[in-house]
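The values are calculated or read from the model by the stated rules, or taken from the named source; none is laboratory data. Computed from a predicted structure; not experimentally measured. Here the Cβ positions follow ideal geometry from the backbone for every residue, glycine too, while neighbour counts run over all protein chains shown.
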Amino acid sequence: MTYEHHDYDVLIIGAGGAGLRAAIEAKQRGLKVGIVTKSLLGKAHTVMAEGGMAAAMGNVYPEDNWMVHFRDTMRGGKYLNNNRMAELHAKESPARVLELEQWGALFDRTKDGKILQRDFGGHRYARLAHVGDRTGLELIRTLQQKVVSMGTDVFMECKILKLVHDANGKVAGCVAYRRPTGEFVTFGAKAVILATGGAGKSWKFTSNSWEGTGDGHAMALWAGAKLIDMECIQFHPTGMVWPLSVRGLLVTEGVRGDGGVLRNSEGKRFMFNYVAPMFRDETAESEEEADKWYDDHTAGRRPPELLPRDEVARAINAEVKAGRGTPHGGVYLDIATRRSPEFIRRRLPSMYHQFMELAGVDITTEAMEIGPTCHYIMGGVQVVADTAATAAPGLFAAGEVAGGMHGANRLGGNSLSDLVVFGKRAGAGAAEYIEAGDLAGPMNQDEIDAAIAEALAPFERESGENPYDIQRDLQEMMQANVGIIRTQSELDDAKVQLENFTERVKNIKVKGGRAYNPGWNLATDLPAMITVCKAVTIGASLRKESRGGHTREDFPSADPEFGKFNFAHSTNGGDWDSEIVTEESPLLPMPDELKALLEEAK
Amino acid sequence: MAEVTMRVWRGDANGGDFENYTVAQNEGEVVLDVIHRIQATEAPDLACRWNCKAGKCGSCAAEVNGKPRLMCMTRLDTLPEGPVTVTPMKTFPIIRDLVTDVSFNFAQAEKVPALLPPPMPENGYVMFQEDVQRGQEFRKCIECFMCQDVCHVIRDHEGNKQHYAGPRFFIRYAELEMHPLDTNDRRDLIREEMGLGYCNITKCCTEVCPEHIKITDNAIIPLKERVVDAHYDPVAWLGRKIRRKTKRSASDATVQPAP
C-alpha cells in the first residue's frame, strides 16, 4: 500500500490551547513543526472554555501571588497533585497570560487599564483573566492566529490511529488517516507531543464534543507511557439539564463567581449545609456574610457556592437524591434575583444567548435548571513536570491529556492556564530532547501495517454491529456504573462489561466508503474510548476512599494512606486490548518551602 | 412521539440528490439532534461537521430550508411545519453530504499581516475597556463562515474568490486596524488585494451572523472609510511618498508602554 508521508522535527497531535502553544515554542526554537487535528483549526475543545484563565497577577487583589495560587490548587486537588507542576503553573501563568496580549488577545479591563480578573470556585482571590464568558475562544483564536502567522503546517481533519516506534522502542512517528478522503498518511518525527485533550465522550451526560474520546491517553498507554489518576473525573456542577437535547451542556462557573447562587425546590440556598471541614474556616456561615464578600473579600468569607467543583457537584447530587430537585432532575442556579439584567447580559452574554435560544429561558428574569455533567479528566499521562516528557522516549504530553497537575480535582480557570504553561514547556522539552541527540530511527513498518489493517477491518466484515450502538451503550454503562458516585459492585460489573465492549468492537461493520464517513471515524475512536474507560474503572475500583473527583459510596471519606500515591497504569503489549497493569506510584516528595506554604496559609 | 421528515442532500463532488429520512423528534430538539439520530440509525455514513453543539465553535453551519444556519442552534419548533431541507453551504466545494471544503478561508487567514505591537512593558500593556471593546465585538467571531457563504460576491461568482477576502476577513482586518496596540498598516493590501470595494453593503452577512456582530456597520463601512481616506487624501498620499510608510508608526499607536 502506498500513502502520503511527512517528516517533522516535532509533530504535535491536537490543536487546542496546549498543542498550539507547544507549536509556537518549538517554532521559535527554529524547529520544523507539524500540527495534526481531528477537526478544523480553531474548533478544538478549548473554544468551549468560558470563565477564564487563572493567573495570580494581582490586578484586582494585590494580595494575590503565586504562593496563594499554589496553595489553592493543591487544596482543590486534595493534595494528590504533582506539586512541581502546581508550583510551575502558579509561577508561570501570569507571564503566559500577558504574552497573549502581544499576539492580539483583548481581555476585559480594570478601571486602570489592566487585565480584569474574576472570582471562581476554590480561588482565594479574583484571579481569572477573561473576556466575558468566551475566554476559551479568545485563547484559541489568539494562538491560532499566531501559529498561522508563523507559517506552521497544519493537517486538519486528520485522525491519528497509533504512535509508531523505531526498532529500539523509541517513539518515531505515527500513522493516521485524512477524514475527507479516508486516505492513510504517516508522520515521522524526532519528538511527538500529545495535546489531545480529554475523554468525557464516554459518559452519557457530558460537556465534551465528539472529539473527547481519549485518543491521546490511549495512544500513550499503548506506546509505553503511564497513565495516572484516571479515576479522578470532574463532574462540573452546572450543566444544563433541560431540554434533553442539551443535557450536559456547560453553564460557566462565572455565573456563581458573578453572584449567582444555588437553590433547591424549596428555594433554599442549600450549599451552607455542605461545607466540608477543610473549607469551614474560609467559608461564610450565613447569606448575609456571603453576600458582603462579592464586593469586598475582606468584609466576609467566601460563599459556599464557590467551593471547589467536586464539593458543589456532590451537594447538588445529594439534594436531588433527597427529593429537593427541579422537575427535570437538577437544582436552580439563580442570578436573576441577584444582579441586574444589564449586568448579566454584559458579564455572561453567551450564557444569556444559550439559555434563550436552546431552552427558551431568560436568565435575567428566571432561574436556570442545572445539574452535574462530565467535564474534565484530571487523570492522564504521567509526565516530568519541567519538560512534559513521558515514560516513552520521544513522547511528550501537555494539557488535559497530561496527568498530575490538578490532582484529584481541578479548580475552574486552572485549565486554560495549564494549557499555555505546559504547552510551552512541552515545546521546549521536545526541543531540548532533539538537541541532546540520541533520536529514534525509522518507523517500524510492521506497526504501521498492523494499524492500517485494524482500521480497515470494519469494512471487510460480512456483517457486524453499528458503531453508534456500541458508543451509546458504553456511554450509558459508564454513566450508570462509573459516574459521580461509585460503589464496588457497580465497578466490578463495569469491568466485566468493558470486556464485552472490547469483543463488540472487534465485530464492528461499517457501511459506506472511507471518504468523510463518521461511522468509520467512530469505529476508529472506540478502541481508545474503551481503553480509557478500563483505566478509569480499574483506578476507581482500587481507590477505596473518596477524594476529589472520585467519590465512593462505600468509602465516603478520604483515607490518608491513599493520599500518598497515584495509581499508575501501563500495558505489556502494544495491542489496544492488551491487559492493563496497575501499580502504586508514590507522590513526588514535596520540598519544605512548598510544605510551609500549605501550612501557614490554612 | 412526534416525527419529522428531513430532506438531506447526499452526494459528493460528482453530484448527488436529496434523501428523505423520517425520524423521531423530541421536545426542544435542534436540527443537529435529528441529523445525529439519522447517523446513529439509518445512515452512519452521513457526513456532517460538528463539535461543541452549543453555538460556540461554528463547525455545523449548513443551509436549513435554504438559509445558512448553525444546525446546533436551530430548534425544530421554530421552523415551519413540514419537511426540513438541509443542504451544504453553497459557496464552498462539496466534500461529502453536508461537509464542504472551507480551505478558502484558511488560505485567506494566511494572508493577514499579523498584529505588530510595541514592545511589552514589564507589567503588561495598559489598555482601557473603551479601547478594547470595538475589537472584542469582532473577536466574538466563531468562524462558522456563514457570512462568507451568504456573500453574493463569492456565492454567485466563483472567480471573485481570487481577489476577495469576504466579510469574515473584513472584520479581522477591521479588528487589527482598530486594535489599540497595532502599528502595522494593511490599507493598501485591503484595497488592492482583498477586494473591499466589491462589497456593496447589502448586509446579508450581518443578517446571518450567529454572534450578532454588526459586520457591515461596525467593520466594513469604517474600513472602507479608512482605506479611501488613505488612498485619496492628498496629504496622506504625499506623506506615504516621502516616508514609504502609509499610516502609523509605533509612536502613533493609541497605547504606549508605561514609562
Quiz item: What's the number of the condition B:Thr85 fails, among (1) touching a residue at least 40 places away in the same chain (Cβ under 8 Å); (2) closer than 22 Å to A:Glu211 by Cβ; (3) of a type in the set (Ser, Thr, Tyr)?
Solution: (2)
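Given the options A:His328, A:His353, name the one that is within 14 Å of chain B (Cβ to nearest Cβ), of a type outside the set (Ser, Thr, Tyr) and either in contact with a strand residue (DSSP E or B) (Cβ under 6 Å, 6 or more places away or on another chain) or within 30 Å of A:Lys534 (Cβ to Cβ) (or both). Give the derivation first.
Working: A:His353 fails: either in contact with a strand residue (DSSP E or B) (Cβ under 6 Å, 6 or more places away or on another chain) or within 30 Å of A:Lys534 (Cβ to Cβ) (or both).
A:His328 is the lone residue from the list that is within 14 Å of chain B (Cβ to nearest Cβ), of a type outside the set (Ser, Thr, Tyr) and either in contact with a strand residue (DSSP E or B) (Cβ under 6 Å, 6 or more places away or on another chain) or within 30 Å of A:Lys534 (Cβ to Cβ) (or both).
I'm trying to understand the selection: among the residues of segment B:71-93, which are more than 10 Å from every other protein chain (Cβ to nearest Cβ) and within 25 Å of the chain's Cα centre (by Cα)? Can you show your working first?
Let us first name the residues in segment B:71-93 that are more than 10 Å from every other protein chain (Cβ to nearest Cβ), namely B:71, B:79-93.
Scanning segment B:71-93 gives B:Met71, B:Leu79, B:Val84, B:Thr85, B:Val86, B:Thr87, B:Pro88, B:Met89, B:Lys90, B:Thr91, B:Phe92, B:Pro93.
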Quiz item: Which condition breaks for A:Gly483 when tested against (1) within 12 Å of chain B (Cβ to nearest Cβ); (2) under 24 Å from the mean Cα position of the chain (by Cα); (3) not in a helix (DSSP H, G or I)?
Solution: (1)
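Being part of a strand (DSSP E or B) and crowded, with 24+ Cβ neighbours inside 10 Å: is that true of A:Leu11 here? Step through it out loud before you land on a result.
On the way: part of a strand (DSSP E or B): yes; crowded, with 24+ Cβ neighbours inside 10 Å: yes.
Yes: the conditions hold for A:Leu11.
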Quiz prompt | Selection from segment B:11-42 of residues that are more than 7 Å from chain A (Cβ to nearest Cβ), in contact (Cβ under 8 Å) with a residue 40 or more places away in the chain and touching a helix residue (DSSP H, G or I) at 6+ places or on another chain (Cβ under 8 Å) | solution = B:Gln25, B:Val31, B:Leu32, B:Val34, B:Ile35
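To keep it simple, each residue is scored yes or no on (1) among the aliphatic types (A, V, I, L, M); (2) outside any loop (DSSP other than H, G, I, E, B).
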residue: A:Trp520; (1), (2): no, yes
residue: A:Pro527; (1), (2): no, yes
residue: A:Glu545; (1), (2): no, no
residue: A:Gly563; (1), (2): no, yes
residue: A:Phe567; (1), (2): no, yes
residue: A:Trp576; (1), (2): no, no
residue: A:Thr582; (1), (2): no, yes
residue: A:Ala596; (1), (2): yes, yes
Quiz item: Which ones in segment A:95-110 are more than 8 Å from chain B (Cβ to nearest Cβ) and farther than 18 Å from A:Asp418 by Cα?
Solution: A:Thr110
Self-check item: Total residues in segment B:58-88, condition farther than 25 Å from A:Met351 by Cβ and basic (Lys, Arg)
Solution: 1
Quiz item: Within segment A:115-130, is there a residue that is surrounded by fewer than 22 Cβ atoms within 10 Å (Cβ to Cβ) and either closer than 27 Å to B:Ala107 by Cα or in contact with a strand residue (DSSP E or B) (Cβ under 7 Å, 6 or more places away or on another chain) (or both)?
Solution: yes
Quiz item: If you go through segment B:43-63, how many residues are more than 8 Å from chain A (Cβ to nearest Cβ) and either crowded, with 24+ Cβ neighbours inside 10 Å or modelled with pLDDT under 95 (or both)?
Solution: 3
Quiz prompt | Which numbered condition A:Gly197 fails, given (1) touching a His at 6+ places or on another chain (Cβ under 7 Å); (2) more than 14 Å from chain B (Cβ to nearest Cβ) | solution = (2)
Quiz item: Pick from segment B:101-130 the residues that are surrounded by 15 or more Cβ atoms within 10 Å (Cβ to Cβ) and more than 8 Å from chain A (Cβ to nearest Cβ): which of them is farthest from B:Cys151 (Cα to Cα)?
Solution: B:Pro118
Practice problem: State all residues of segment A:112-132 that are in contact with a Lys or Arg (Cβ under 9 Å, 6 or more places away or on another chain), within 10 Å of chain B (Cβ to nearest Cβ) and outside any strand (DSSP E or B); if no residue qualifies, say none. | Solution: A:Leu116, A:Val131, A:Gly132
Self-check item: Residues of segment A:422-472 that turn out to be surrounded by 13 or more Cβ atoms within 10 Å (Cβ to Cβ), farther than 30 Å from A:Ala167 by Cβ and acidic (Asp, Glu), as a count
Solution: 2
Quiz item: Are any residues in segment A:53-81 within 21 Å of A:Ala408 (Cα to Cα), of a type outside the set (Ser, Thr, Tyr) and part of a loop (DSSP other than H, G, I, E, B), and if so, which ones?
Solution: A:Ala55, A:Gly77, A:Lys78, A:Leu80, A:Asn81
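Just checking, how many residues over segment A:569-602 are touching a Gly at 6+ places or on another chain (Cβ under 9 Å) and under 28 Å from A:Phe70 (Cβ atoms)? Outline the logic, then answer.
Just the residues of segment A:569-602 that are touching a Gly at 6+ places or on another chain (Cβ under 9 Å), to begin with: A:569-571, A:574, A:579, A:582, A:587-588.
Narrowing further to those that are under 28 Å from A:Phe70 (Cβ atoms): A:569, A:587-588.
Number of matching residues: 3.
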